[in-house]
1. Filter the range B:65-88 down to the residues that are away from chain A (no Cβ under 14 Å), over 23 Å from the mean Cα position of the chain (by Cα) and either part of a strand (DSSP E or B) or buried (at least 23 other Cβ atoms within 10 Å of the Cβ) (or both) and list them by number.
2. For the condition away from chain A (no Cβ under 14 Å), of a type outside the set (Val, Ile, Thr) and in contact with a Phe, Trp or Tyr (Cβ under 6 Å, 6 or more places away or on another chain), what is the one hit in B:244, B:280, B:234, B:272?
3. If I filter the range B:185-197 for residues that are surrounded by 23 or more Cβ atoms within 10 Å (Cβ to Cβ) and assigned to a loop (DSSP other than H, G, I, E, B), do I get at least one hit?
4. Mind checking which helices (runs of 4 or more DSSP H) fall wholly inside the range B:202-265 and carry at least 3 residues that are under 18 Å from residue B:132 (Cα atoms)?
5. Mind checking which residues of the range B:343-376 are under 19 Å from residue A:443 (Cβ atoms) and either more than 9 Å from every other protein chain (Cβ to nearest Cβ) or buried (at least 24 other Cβ atoms within 10 Å of the Cβ) (or both)?
6. Within the range B:100-137, track down each residue that is more than 14 Å from the chain's Cα centre (by Cα) and more than 19 Å from residue A:163 (Cα to Cα).
7. Within the range A:303-310, identify whether any single residue is within 14 Å of chain B (Cβ to nearest Cβ), closer than 30 Å to residue A:293 by Cβ, modelled with pLDDT of 95 or more and surrounded by 16 or more Cβ atoms within 10 Å (Cβ to Cβ), and answer yes or no.
8. Find all pairs meeting these conditions: Cβ atoms under 8 angstrom apart; at least six residues apart or on different chains; first residue within the range A:102-125 and within 14 Å of chain B (Cβ to nearest Cβ); second residue surrounded by fewer than 17 Cβ atoms within 10 Å (Cβ to Cβ) and assigned to a loop (DSSP other than H, G, I, E, B).
Amino acid sequence: MSTSALADDLGAIVGSRHVRVAPAERATYAMDGLPTHRRLPDVVVLPGTREEVIAVIRLLAVLGIPFVPRGAGTGLSGGALAEEGAVLIVLTRLNRILKVDAANRSALVEPGVVNARLSAATRPHGLHYAPDPSSQTACTIGGNVAENAGGPHCLKYGVTANHILALEVVLATGEIVVLGSPGGEPWGPDLVGLFVGSEGNFGVATRITVRLTPLPRAVRTLLADFMALRAAGEGVSAIIAAGIVPAALEMMDQSCIQAVEDSVYAAGYPRDAAAVLLVELDGGNTDAVIAETESVIDILRKSGARSVRSAANEAERERLWQGRKKAFGAMGRLSRDLVVQDAVVPRSALPDVLETIAGIAARYRLVVSNVFHAGDGNLHPNISFDATDEAMRVRVELASAEIMAACIAAGGTITGEHGIGLDKLRYMPLMFDAESLGAMLAVRRVFDPEERVNPGKVVPVHACREWTSAHGRGLTDPGRKPGVGPKPDPVGLDTGPKPRDPGLGDPRAGARGQLVLP
Amino acid sequence: MTILEKVTALLGEGAVLEPSTDQVPRIAPGSPDAVALLLGTAHQEGWHVRIEGAGTWLPSDAPADLALTTRRLDRVPAVEPQDLTATAEAGIGLDQLRQQLADRGAWLAVDPPGLAGRTLGSMVATATAGPLRQGFGPVKDHLLGVTFVTGDGRMVQSGGRVMKNVAGYDLTRLQAGGFGAFGVIVLVHLRLRALPRADVTHVLEGSRDELTQIAEDIAASGLTPAALELVSPALARRDRWVLAVRLVGSPTLVSADEAGLGRFAKLRAEEAHSFWMRLAEGFAVRPVTFRIGGVPAASDELLDLLQHQVGDEWISAAPAAGAIRWSGDTTVDRLQRLRRTLAALEVPLTLERAPWPVRTAVGHFGAYREGAGPLVAGLRRTFDPGGALVVATDGE
């Protein structure tokens, strides 16, 4: 079927003005929040209702065409990019909050509802939606579900997976399934838990029941500054070991502090500090929050904090947080492009891993700024670069790979909240053996036997050991349609599909724990 | 060669325990690899295997060619008090695990029903959380990753050992509450809390209606109890219903919350311990135990429904979380009817514990919503292609 005929058929469902085929229009959707991957979708369709989504997916099922669901496109792993031959289904028009059930602290929303808008809408009920990714003023709940998004306040309140009670999902076949229940108890196995974080590989969530959290009655926000990164890391461990669970516990290093202070988001962080910690305590009981805040101040001082400042009022609290939440934006001042990296290490390994990262940055002559969820051990080493400088791009790629290897070696993982997408496919064999990757692919095929939803993401198919399903079909089934299943693992910094870089080696040969580099 | 001879040749005599009362050979592999070897062989030979932990939670009465018990998988390879994580093999008893964690100043904030020696793997596989779910969430919230062996002997790792992890699909959540239908859990990576410095329990007796209302008021008041549990008189061994509030954390936090409790009676430490212990063990005594999960506001209505359909002698409920656990003696017909009635209210019923004839007729799960049944069946085929694992998932 030609692209124009497909566009006509899609237009008959959603209205022709909600189908984009002109190159300039499609170019808007060629990237997400990560500037190192670029894919131009053939067709972009923006359905306006759940019924239109179902009709679009059913049409694509009949035609056997792969598709990629997308929210606001703020993802940081290249997860919402559509390959040539795939249709991009943009869900931002499905932006209705269908119900707020204040008594049961839940809400039913469409996938395109913007995260911060949901919290604003539930505020009059004394409730909010707790997961708060830095992109929360733009990112959608559907995208949060796909990526199992986190955020600073997930330390105390949990990540997206802890806040999704039920889902209505359209599978690739166009079938509708209902997972979970209004109270959050599964009907059998926890298919909601399995779906959240599946990066769009299992289907498209059209209705999402989220848990809402009471707004805390008391909040205290502290800023502590340290003259050594290691001391700040030790302060983090000391707070957690004392049995205190702050609402948020964030760290920024000197490079990040300076970028923020040079920007319009200047928050008054001390420029000469090696690191600052932003600690927030909250709860329903003001006396208890005040008492715990005193304990934290004491721990921070004992850990070597040069000064500990408490936000005197809401305006000051917002200013302190603005610096943190807009840090990625502020880093835009440092260079033309930015790779926001994501990895998790055991909290106690933070000081060592940060030193290792500084060493890697120096060796590759790159500026790496760290701003991260220290309480969870969730690092965001951000590499500033210029994408037009080919040699620099290669250095960024090599440094990223080394950072990932260092985090794995410390007992950590390659992503805590951004997902695998396209960007981290090649690191998956460092985390999981061929059998475990094969299990993931086999599960994906239960939901999407033809691998038509968001093909080529999450699981590096060539690194999987073959699983034969009960139907007797193996993963290397020669009958698979070309171009439908996942393509070989792309090579990091790309601007479009291209042949594998032979220098990366055969991923099938990549034994676990062994980093294959050019 | 008999099955027992083959298994002995495969795993050595040390893996063969005394047979169960039904004369089914009972095998205790000594390592995760041995579990994989055993299940791989079972798959090839067409043996049917039932899974047991310590044999204290699920009755060991499923018909099978052999029983696989995880009780020799009882090592704790890592406890990291600094990171508040631990890695433990699935067959360790929860009482032993708790002790080892406490020695390092760490705490697993889950208090499942059952006897103290119940295994970690059984708690994860059945996703049975106890009263602490009010403050610390369901079992899945305490898991960082698991390693499991599929019904055809493949060893699969999911998740990791760190606080946040979105690398790959979350197969850990599939295993938590899978009742072994998708494999045998052999290793668990746990998220811990610091051992609380203060841990107090207050109780109040009264009528069920009155206490449900008080529980709702407490939940709305901004207090953050670790447990807020409504317990029936028979289970609490008291004359009337009991509302128990458990507060844990730093002494300042706990005493601030205690001040807001009003007319509750504080239990002494040993009284509190035996109160919660009795509650947990009470659910391992009666023949049938199930849990249901509704929205908090429906708790009262659901308790009424249970009272009418199956009686309300042995009940423990978290009204503010919408979770209710029931135990007693009942029939397959009543359970099936109750599940249908609850399904119409969008409330799942999970059969946690029952004699095999009831389990196989009713199923641990059932009444799936639109389209979910084929997914569960597909996952079951994926992880146990030969149907080696004897698990009553869906009932008849």
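1. B:66
2. Among B:244, B:280, B:234, B:272, only B:234 is away from chain A (no Cβ under 14 Å), of a type outside the set (Val, Ile, Thr) and in contact with a Phe, Trp or Tyr (Cβ under 6 Å, 6 or more places away or on another chain).
3. No, that holds for no residue.
4. Qualifying helices (runs of 4 or more DSSP H): B:208-220, B:251-258.
5. B:365, B:375
6. Filtering the range B:100-137 for residues more than 14 Å from the chain's Cα centre (by Cα) gives B:100-107, B:134-136.
B:100, B:101, B:102, B:103, B:104, B:105, B:106, B:107 - these are the residues of the range B:100-137 that are more than 14 Å from the chain's Cα centre (by Cα) and more than 19 Å from residue A:163 (Cα to Cα).
7. yes
8. Close Cβ pairs satisfying both conditions: A:102/A:126; A:125/A:102.
The values are calculated or read from the model by the stated rules, or taken from the named source; none is laboratory data. Not measured: the values here are computed from a predicted model. Don't worry about glycine lacking a Cβ; one is built from the backbone with ideal geometry, like all the others, and counts go over all protein chains shown.
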